[in-house]
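This report refers to the structure that appears directly beneath it.
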2 protein chains.
Amino acid sequence: MRQSIKLKVRYFFGFFLFVSIASFSMSNGYELWLNYTKISDEATLLKYRSTIQTVFLEGTSETQSVIKNELEMGLGGLLDTEVVFQGFNKGGNQLIVSKYNDLPQELKSSFIMDGLSKEGYKIKTIESNGASFVVVTANEDIGLLYGTYNFLRLLQTHSALENVDITEIPKVDVRVLNHWDNLDRTIERGFAGFSIWNWHTLPGYIDQRYIDYARANASVGINGTVLTNVNANALILTPQYLEKVKALAEVFRPYGIKVYLTARFSAPIEIGGLETADPLDADVIQWWKDKAKEIYTMIPDFGGFVVKANSEGQPGPQNYGRSHLDGANLMANALEPFGGLVIWRAFVYSEHDPTDRAKQAYSEFVPEDGKFMDNVLLQVKNGAIDFQPREPFHPLFGAMPKTPLMMEFQITKEYLGFATHLVFLPKLYEEVLQSDTYRKGKGSTVAKVIDGSLNNKKVSGMAGVSNVGNDINWTGHPFGQADWYGFGRLAWNPYMTAEDIADEWLRLTFSNDEKFVEPVKQMMIESREAVVNYMNPLGLHHIFDTGHHYGPGPWVGNLSRPEWNPVYYHKADSEGVGFDRTKTGSNALSQYAPEVEKMFTDLKTCPEEYLLWFHHLPWDYTLKNGRTLWDGLGLKYQEGVDEVRDMIKTWEAMKPYVDDARHHQVSMLLDIQLEEAIWWKDACMLYFQTFSKMEFPREMEKPEHTLDYYKSLKFPFAPGIRPRWD
Amino acid sequence: MRQSIKLKVRYFFGFFLFVSIASFSMSNGYELWLNYTKISDEATLLKYRSTIQTVFLEGTSETQSVIKNELEMGLGGLLDTEVVFQGFNKGGNQLIVSKYNDLPQELKSSFIMDGLSKEGYKIKTIESNGASFVVVTANEDIGLLYGTYNFLRLLQTHSALENVDITEIPKVDVRVLNHWDNLDRTIERGFAGFSIWNWHTLPGYIDQRYIDYARANASVGINGTVLTNVNANALILTPQYLEKVKALAEVFRPYGIKVYLTARFSAPIEIGGLETADPLDADVIQWWKDKAKEIYTMIPDFGGFVVKANSEGQPGPQNYGRSHLDGANLMANALEPFGGLVIWRAFVYSEHDPTDRAKQAYSEFVPEDGKFMDNVLLQVKNGAIDFQPREPFHPLFGAMPKTPLMMEFQITKEYLGFATHLVFLPKLYEEVLQSDTYRKGKGSTVAKVIDGSLNNKKVSGMAGVSNVGNDINWTGHPFGQADWYGFGRLAWNPYMTAEDIADEWLRLTFSNDEKFVEPVKQMMIESREAVVNYMNPLGLHHIFDTGHHYGPGPWVGNLSRPEWNPVYYHKADSEGVGFDRTKTGSNALSQYAPEVEKMFTDLKTCPEEYLLWFHHLPWDYTLKNGRTLWDGLGLKYQEGVDEVRDMIKTWEAMKPYVDDARHHQVSMLLDIQLEEAIWWKDACMLYFQTFSKMEFPREMEKPEHTLDYYKSLKFPFAPGIRPRWD
């Protein structure tokens, strides 16, 4: 069999004069972490070649054919050798990829398959009669595919194959990306180009990207994709579009990926010709039943509906005096016969509700706990506001023991510097997942809520709002790929550490050289605190410029909806700054377990990173370091700026280990990040100074421009806002 | 010196099971025609290696550094060898790239440089004292760069190097792409993704695409790029955006590419704070002068302004009772001190003008001939309507002997099936350029008008509305690259044949194998007639569906502006069909030279492909083949469909010669093309049948659906329409 890897000349220049002697493969980043270039370490390479001389792959299903292709590319590339597929070879030195039932009898005894779910797998080195095998096995095809990717990852990370003994079972059932992609290919909060879904040329034209997207997702265990924006367009549910969805579903199926769609609540009116979308109306009930049947006839493994209702202008059951419960169960009832899920978003708030926006989801949903149908998941953003650089965990986590709560993380960086800032998000995800809700005593972490273990949920899920666009490298910033990767790894196992994820990703994507991995990993880990410091230190939040959320806008206070204004969130005045959410304020803290409420309420125990989230404090309030709150703010902003400078220094020193293309690319982006970090510091401190009337702390670099200058900056075409089509 | 080509694994699969034994490089198309994979023919390879053992490249300017990079990539890739740069080697077997003045003395005598303009170059094989050299020389750096690309093209096409003697001088001065790219990155009439200009991340982030875009353009001699849509936004002229434009200009400069911007006529109001944009107002005059100075301070080689005024809702001098002449000279006056050009578009028509839309540009501009400033070019679309599959040449060509008329071709396929139809446009361009205006007797071709030779113009130009987007392969359809390539080649030399262009492009892009080149070239050449047949046969025009122009819409007659309605153009009724532009009708034919008018007027001499463009004829009018007009229409539609079937057959047979990735890609697209060709045939013939009341000709395949079905089709998110941003 011929080796199926093809070599393609990558044109890149402009930096060649500085090319170092070491030989790198220049990368445009399209390959993501599925980087199968030849293993550079000669000893490792020779060892692998001798250990894996042939491959025994049993089966010819579509998924097995995908596995074969991946092994041809992966082994062929990494080992730079022809991949020889053959039958079971008793002589050993063979990679065996086979479902347990199809394993050669003499190998079966090495495995205990109990508890290995549909998607789980095992990888094990087996010595049998003096012969050596590496075996990837599972109950189902999809487990084999996951195992194959893990096996390739072992090679990519130069792991020893002598004593492999891996058992992997995903801890979360539904592991999905949410694409906020519109039918016109704009992406709400998309910063890496436009939607990879080319609806116009579907179903006839299958872009290679669709296949590579599926590979990337499957390689980290993502098993679902919500193709469309939560701010939904009902057209996606028409036959014209369902044909296109079907074509994508067929591409994704062998990779174990189900498609989901966002369902616009008013679809029965808009495309169904009904006069109402009332969830209790018999015609409406029937319409959804018929629609579900129509979809499942075309896409038998359709995942289900994701619904944003009665939030930010979207229609919903409350338009008809009904509840979210009525709405969710309406759709759940329609999907139930086909095994479909309803993923109902808890991100709801109303301008007609004068209470703290942070409190509204809890108030709305907790009373309904236990009343949802079994195929309903409630999708909850990690915090109660909106994907800020740092938020305390959402009070809903742990508060609905009878309802499966699905985590919604944002992978795209709406409030985190778009695609030009290096911010390693798994560090943020880890912080949320490790937060303790105390709902069943100490150790009731959010991770246990999400994986269902805290209350023995029947189904569990995690969603990430995708950062994927049609930029060649998918995510704009090369390090944005790490967030996609990390989301997938945490959805599979919410207990992984951000550090382990960074380590893996760096090795897969760039290099196994410790002199590269260690400092860059450190830089990634620290990058999250940096962005908090230079944007939203000490618990400040939602002080972004309007609409696009690009850059600072703490002065904005003229928007029609009060809770869309930054001034609503920081409440700065001559007395002080911060949002009082204790009993003397909005009392949002009462929505947490008593232990948590107590910790955040008491200024002595409230971590300073959440200070202004929960408290309105005077400008001269004394921080733990003895400085005033005002000084502390300035120092934190400065610290953020300095941290970006450190990142630049770290990256500069990495030149010998990274191809020039990506090194230069990241350097340019870090320079932008520094410029914008300074912008944040200057704009925010100048603005808050109009209330504090205090001098800037001496350690803080003086602002480069006036407050008026910063207020004058306008970005009418900042990416990520949805345009209107006439 | 190390060879600078890096190899990168290209992941591609899904078709590997069918991979043939022959070894291709899999391509995602990003490299365009700059395909420097190793020369497959061993004898040729060895010959080249022995002829070009070293390279003598004199000079260190930015452009020369670009040349060096290109040679490293090109020679390194094609010859699969290290590229050795060294001083002049009297021993020979050397490639010499040097300005004439810097050539070694003993080689100078081999060249006569008279008449070689700034951009021209020579490539010559020289035997000197028994040693052999291939010399690329020119007066200026940019000529050297063009010569280098031509030299590499010789290798790519496996040309013999023994007796090269090439002199190339561009026949047209201004060779520009027009990007109809909006600041939100949507592209009006863009079908290959979204704008490659990422305004948000400019100027800090220089996308590698910008560099590769410049390489591609320079390689075919394009020397200017209009970055923004002719439906202009004044913001591009603000300092915030000019900083971004400057960054692009700096990338493009070494490649000999100037940037141009579209100037919104009302900019003095919108961004200048004036109350008028009246071209005779002193403040307005000063505003444009100041703006020009501001731009040239930042971008000393700025190309100039392109202006669409008083057309399709754009503001213009007529808003103030002034003429196009006033408007053009206003800006020309501002740019003149800096050497900038005004490119004023002749594509103007008004809904308030009841005359035939085809006549309006001529009426508007001919009286102004000779009154424009010297730095004004009038940019005229190839036909008087709008980029139809076939149009007679625009009557303005030849009719303004004292004004430089610039050709405007459309490379993007607004009316030609978007990016899913294979239609080789240089065939269309060639037809236009070879059309005879008879304005100075027989042989007064449009090409001679455009290159200025017919009337000794001081400046000449050709513009192509770009089909470039951020799809990985730039143009969506792999064959769309040929249109970009061909436009560039024809702008350099408007006398090239479409066949020669197809031949070159195929060899550069795919293969030199004659068994591939010949049939595919034939397919490309015939593809243009195919699209005419299945969309707009016998002179029908503008019967496209509304707004997006995707698919047939001959029934549309409800648009507010009469000349936006297809029914305006086909005028079908029970009597017959076609637009009478003879003396009995709109008399648009009177705008041509008498010889041309006579030919088109007389039904005996009017080519049948223009029949319904100029004549309203009864359904039973007898065509040259003896069939009725009605039958003829049906047969032409059928012929178009059959031609696409032939293309599919041809392409299918090419499997052995093309990498599977692109072969499959083109196959999928051809299937879409066939489906849509049938759609056109069925929809149009069913519609016209409601007037003709005649049976379909027996040779025509019966429609698959009813007319009502075709009328019901809606494409709300068809690409290429500009969305609105709130």
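With 21 Å as the limit, the listed pairs B:LYS68/B:LYS122; B:LYS442/B:LYS598; A:LYS38/A:LYS90; A:LYS458/A:LYS598; A:LYS655/A:LYS702; B:LYS122/B:LYS258 have A:LYS38/A:LYS90; A:LYS458/A:LYS598; A:LYS655/A:LYS702; B:LYS122/B:LYS258 beyond it between alpha carbons. Quick one: grab the alpha carbon gyration tensor of chain B, order the square roots of its eigenvalues as a ≥ b ≥ c, and give me rounded if a/c is under 1.5, else prolate or oblate depending on whether a/b is larger than b/c. Taking the square roots of the gyration eigenvalues as a ≥ b ≥ c, chain B is oblate.
Residues A:VAL517, A:VAL176, arranged from fewest to most other Cβ atoms within 10 angstrom of their Cβ, appear as A:VAL517, A:VAL176. By its C-alpha gyration tensor, with a ≥ b ≥ c as the square roots of the eigenvalues, how is the range A:166-243 shaped: rounded for a/c under 1.5, else prolate for a/b larger than b/c, else oblate? Here the range A:166-243 falls in the prolate category. Going by neighbour counts of Cβ atoms within 10 Å, the residues B:ASP207, B:ASP500 line up, fewest first, as B:ASP500, B:ASP207. What share of the DSSP beta bridges in the protein assembly as shown is antiparallel, in percent to the nearest 5? Here the share of antiparallel DSSP bridges comes out near 30 percent.
Peptide A:411-423 has a mean shielding of 1, counted as Cβ atoms of other protein chains within 10 Å of each residue's Cβ. Beta bridges from DSSP with both residues in the range B:174-509: antiparallel share about 5 percent, rounded to the nearest 5.
Close amide-amide hydrogen proximity is noted between B:ILE343 and B:PHE305, B:VAL306, B:VAL307, B:LEU377, each under 5 Å apart and 5 or more residues distant or on a separate chain (H modeled in the peptide plane; Pro and chain starts excluded). Near B:THR125, within a Cβ-to-Cβ distance under 10 Å, what is the net charge of the other residues, with Lys and Arg +1 and Asp and Glu -1? Its environment carries a net charge of -2.
Peptides A:601-613, B:106-118, A:657-669 ordered by packing proxy, namely the average of other Cβ atoms within 10 Å per residue, highest first: A:657-669, A:601-613, B:106-118. Counting only aspartates and glutamates at least 8 places from B:LYS118 when in the same chain, those with an alpha carbon closer than 13 Å to its own are B:GLU140, B:ASP141, B:GLU168, B:ASP173. DSSP beta bridges confined to chain B are antiparallel in about 30 percent of cases. If the cut-off is 12 Å between C-alpha atoms, which aspartates and glutamates fall inside it for A:LYS571, apart from same-chain ones fewer than 8 positions away? Output for A:LYS571: A:GLU563, A:ASP580. Among A:PHE614, A:PHE88, B:PHE409, the ranking by other beta carbons within 10 Å of each residue's beta carbon, starting with the fewest, stands as A:PHE88, B:PHE409, A:PHE614.
In this structure the amide hydrogen of A:LYS381, modeled in the peptide plane, comes within under 5 Å of the amide hydrogens of A:ALA346, A:PHE347, A:GLU408, none closer than 5 places in sequence on its chain.
Phi angles of the range B:505-517 translate, via the Karplus equation with coefficients 6.51, -1.76, 1.60 and θ = phi - 60°, into HN-Hα couplings of 4, 4, 5, 5, 8, 10, 6, 8, 5, 4, 5, 9, 4 Hz per residue; Gly and Pro are given as x. Shape class of the range A:45-168 from the Cα gyration tensor (axes a ≥ b ≥ c, square roots of the eigenvalues): rounded, since a/c falls below 1.5. The calculated 222 nm mean residue ellipticity attributable to helices in chain B amounts to -11000 deg cm²/dmol, summing -39500 (n - 2.57) over DSSP H runs of n ≥ 4 and dividing by all residues.
Ignoring aspartates and glutamates fewer than eight residues from B:LYS171 along the same chain, the ones with Cα atoms less than 14 angstrom from its Cα are B:GLU119, B:ASP451. Putting +1 on Lys and Arg Cβ atoms and -1 on Asp and Glu Cβ atoms, find which of B:LEU378, A:GLY29, A:GLY147 reaches farthest to the positive end of the dipole of the protein assembly as shown. Selected residue: A:GLY147.
Phi angles across the range B:667-680 convert, under the Karplus curve 6.51 cos²θ - 1.76 cosθ + 1.60 with θ = phi - 60°, into 3J(HN,Hα) values of 4, 4, 5, 5, 5, 5, 4, 5, 4, 6, 4, 5, 4, 4 Hz, Gly and Pro given as x. Remark: mean inter-chain Cβ contacts per residue of B:709-720 equal 3, using a 10 Å Cβ-Cβ cutoff to other protein chain atoms.
Between B:PHE111 and any residue 5 or more places off or on another chain, the built amide H atoms are never under 5 Å apart.
Axis of helix B:324-335 versus longest Cα principal axis of chain B: the two differ by about 20°, to the nearest ten degrees.
Computed from the coordinates by the stated procedures, all read-outs in this text should not be read as laboratory data. Quick caveat: nothing in here was measured; it's all calculated off a predicted structure. All Cβ positions, even for glycine, are placed from backbone atoms using ideal geometry, and neighbour counts span all protein chains on display.
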